[in-house]
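Remarks on the structure that follows.
The values are calculated or read from the model by the stated rules, or taken from the named source; none is laboratory data. Source: prediction; values computed, not measured. When we count neighbours, we look across all protein chains shown, and the Cβ atoms used for this are built from the backbone with ideal geometry, even at glycine. Accessible surface is based on the protein model in full, side chains and every heavy atom, while ligands, DNA and RNA are left aside. Shrake-Rupley method; radii C 1.70, N 1.55, O 1.52, S 1.80 Å.
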Amino acid sequence: QVQLVESGGGLVQAGGSLRLSCAASGRTFSAAPMGWFRQAPGKEREFVAVIKSRDGTTAYADSVKGRFTISRDNAKNTVDLQMNSLKPDDTAVYYCATDRNYGGSSWYRYNYWGQGTQVTVSS
């Protein structure tokens with residue numbers, strides 16, 4: 001089993017920055033892809049970013065490319081999401097997720113999820 005706990009959310013003005021962190025426990029973390037997803041009220045959960053374990057390959061949604069950066073520290077069992085130039089459209093609950101094998105953008109294929117952290121961007 002893998003347990004994930006997110007932190008770092010909050011309220012920020014448009015153009016500002018936040019850094020989210022996800023702490024993981026469980027022996028599969030170091031070998032598993034880690035992803036960030038978000039869900040705004042009334043909308044479907046959507047992919048934000050993912051980072052692979054072995055080579056550190058990253059992928060981003062087009063809507064956040066160039067503004068968000070995902071990184072991981074396997075020694076600390078953490079994965080972070082640095083969010084810059086935030087926009088009101090980035091307002092959502094942000095979740096980290098992992099799966100033993102899958103490292104793509106389809107949220108329904110991830111088996112382990114954190115409880116989420118709220119990010120609110122005011123205009």
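Y102: open to solvent by 10 Å² or more (accessible area, probe 1.4 Å), under 19 Å from I51 (Cα atoms) and not in a loop (DSSP other than H, G, I, E, B), yes or no?
For Y102, the condition - open to solvent by 10 Å² or more (accessible area, probe 1.4 Å), under 19 Å from I51 (Cα atoms) and not in a loop (DSSP other than H, G, I, E, B) - is not met.
Residues being of a type outside the set (A, V, I, L, M) and within 12 Å of T78 (Cα to Cα): count how many of those fall in region 7-28.
5
Can you tell me which of T98, T91, T78 is more than 23 Å from G42 (Cβ to Cβ) and without any contact (Cβ under 8 Å) to a residue 60 or more places away in the chain?
T78
So which residues in region 50-73 are in a strand (DSSP E or B) and within 19 Å of G10 (Cβ to Cβ)? Break it down into steps so the answer makes sense when it comes.
Step one: filter region 50-73 for residues in a strand (DSSP E or B), giving 50-51, 58-60, 68-73.
F68, T69, I70, listed by residue number.
Are any of the residues in region 5-22 in a helix (DSSP H, G or I) and open to solvent by less than 60 Å² (accessible area, probe 1.4 Å)? Can you show your working first?
Residues of region 5-22 in a helix (DSSP H, G or I): none.
So far as region 5-22 goes, no, none of its residues is in a helix (DSSP H, G or I) and open to solvent by less than 60 Å² (accessible area, probe 1.4 Å).
Applying the selection to region 25-45, what residues are open to solvent by less than 20 Å² (accessible area, probe 1.4 Å), at pLDDT 90 or above and not basic (K, R)?
P33, M34, G35, W36, F37
Residues K76, K87: which one is under 27 Å from L11 (Cβ atoms), open to solvent by 80 Å² or more (accessible area, probe 1.4 Å) and at pLDDT 95 or above?
Unique residue meeting the criteria: K87.
Matching residues to (1) of a type in the set (A, V, I, L, M); (2) under 17 Å from L4 (Cβ atoms):
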position: R19; (1), (2): no, yes
position: Q39; (1), (2): no, yes
position: S63; (1), (2): no, no
position: V79; (1), (2): yes, yes
position: Q82; (1), (2): no, no
position: K87; (1), (2): no, no
position: D99; (1), (2): no, yes
position: S105; (1), (2): no, no
position: Y110; (1), (2): no, yes
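Here is a list of conditions, (1) hydroxyl-bearing (S, T, Y); (2) closer than 19 Å to V121 by Cα; (3) under 12 Å from the mean Cα position of the chain (by Cα), and S105 meets all of them except one; can you say which number that is?
For S105, the exception is condition (2).
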